[in-house]
1. What residue among S35, S12, S205 has the largest mean-square fluctuation in a Gaussian network model of the chain, using Cα springs under 10 Å?
2. Just grab the label-to-label distance for R39 and K304, each label 7 Å out from Cα along the Cβ direction, in nm (one decimal).
3. Order these peptides, 309-322, 211-224, by their mean beta-carbon neighbour count within 10 angstrom, highest first.
4. Where in the range 248-289 is the amide nitrogen less than 16 Å from a point lying 7 Å along the Cα-to-Cβ axis of E197?
5. Would you mind checking K27/K149; K158/K217; K58/K328; K244/K327; K217/K327 for any pair whose Cα atoms are more than 30 angstrom apart?
6. For K81, which aspartates and glutamates qualify as cross-link partners when the Cα separation must be under 16 Å and same-chain residues fewer than eight apart are set aside?
7. By its C-alpha gyration tensor, with a ≥ b ≥ c as the square roots of the eigenvalues, how is the range 55-171 shaped: rounded for a/c under 1.5, else prolate for a/b larger than b/c, else oblate?
8. Among the listed pairs K112/K332; K85/K163; K50/K112; K4/K154; K50/K189, which have their C-alpha atoms separated by more than 28 angstrom in this model?
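Just so you know, all these numbers are worked out from the coordinates, no wet-lab data involved. On a predicted model such as this, the values are computed, not experimentally measured, just so you know. Reconstructed Cβ throughout: ideal geometry from the backbone, glycine too, with neighbour counts over all protein chains shown.
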Amino acid sequence: MKEKVLISTGGSGGHVIPAITIYDHLKETYDVIISSDSRGLKYLEKNDCKSILIDTPKLNSLILFPFILFKVLILTVNSIKILKKEKISYLISTGGYMSLPLCLAAKILNIKIFLIEPNMVLGRANKFFLNFSKKLICYSKNLKNYPKKFENQKKISKPFIGKKYYESDLKKDVNLFTIMIIGGSQGAKIFDTLINESILTVSKSCIINVNHQTSEKNINYLKNFYKINNIQSNVFSFDQNLNKLMKQSDLCISRSGASTLAEMSLMNIPFIAVPLPSSKDNHQYENAKYYYDKNCCWIIDQKKFDKNKFEELLLKISKKDENYIAKKENLKKLNYQNTWNNVNQNLLEILNEN
């Protein structure tokens, strides 16, 4: 009989997507379940995962704190029951307050806890859970805000990226310069009214194709914009085949979520990162800086966005100058021996360490 693993996640795609990838890595060796809050379920519905709902409330209201604390205690008791009933051997948490009841329950039951930190800055929840955990798995030995006293718990892995990103191998049209814009589910002014205007300028110098991911509310505006200006485009809010669109891209422009940057890196696509200014502990900037320091990308400070300078940069990139080629080569070096099987083997070894 296979040992059982429970992966705790929820909230944004930044937490849930790595959880789904870990599920796929482990499902052949272990009996795996994913727990999520209601926000994370929308990602799980699109995947064939065995899942349960543990809807932990946000811990950000002082007025409601007594009620929230009481609910967390109830959820912790329920989590103890679930862990016992399912006979869970390992709990893996992808971070966030969503994992609090399960981590507390696992600690009470003396179940091995493994933490996943996809960002280049240690999250506050994971920092708290270090006291309970056996190992923390991250993507860089230079994880910021990591306490030295827990150094022996740190284990390094290549990023957890969906298997389809390794397998996708499509031919692209060499006569088109294809730009992928990933604006996020909420959209943002810089992606939906500034960057596309700069792309219009570049389109007058070369043939451009644009794949633009945005929020539902901005789709019609962007479709009309590209149509009126005769720019070949594909505007969408969500696409299960994002890997195929990425593979066809010469350049990506995106926020700096850890999973998205890792996917672009694996596919050797130079990218312009526009970190979200309000990200906690400035983790999106640190995510991008990891690649910037290896000369794999460009970083744009949203607060200092200069339309003319941005257009100059896009024009240079569209010509695939020496700087562009260097970044593409550096991405290849960075991902040398980054295979699904190697990541899988490393994860299994970490879980089975004494």
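1. Among S35, S12, S205, the largest GNM mean-square fluctuation belongs to S205.
2. 3.1 nm
3. Numbers: 309-322: 15.8, 211-224: 17.6.
Result, highest mean first: 211-224, 309-322.
4. Counting only backbone N, you get no residues.
5. Working: K27/K149 33 Å; K158/K217 35 Å; K58/K328 41 Å; K244/K327 21 Å; K217/K327 34 Å.
Over 30 Å apart, Cα to Cα: K27/K149; K158/K217; K58/K328; K217/K327.
6. Straight-line reach from K81, under 16 Å: D55.
7. Values: a/c = 1.68, a/b = 1.53, b/c = 1.10.
Prolate, since a/c reaches 1.5 and a/b exceeds b/c.
8. Values: K112/K332 36 Å; K85/K163 31 Å; K50/K112 21 Å; K4/K154 23 Å; K50/K189 37 Å.
Violating the 28 Å Cα-Cα cut-off are K112/K332; K85/K163; K50/K189.
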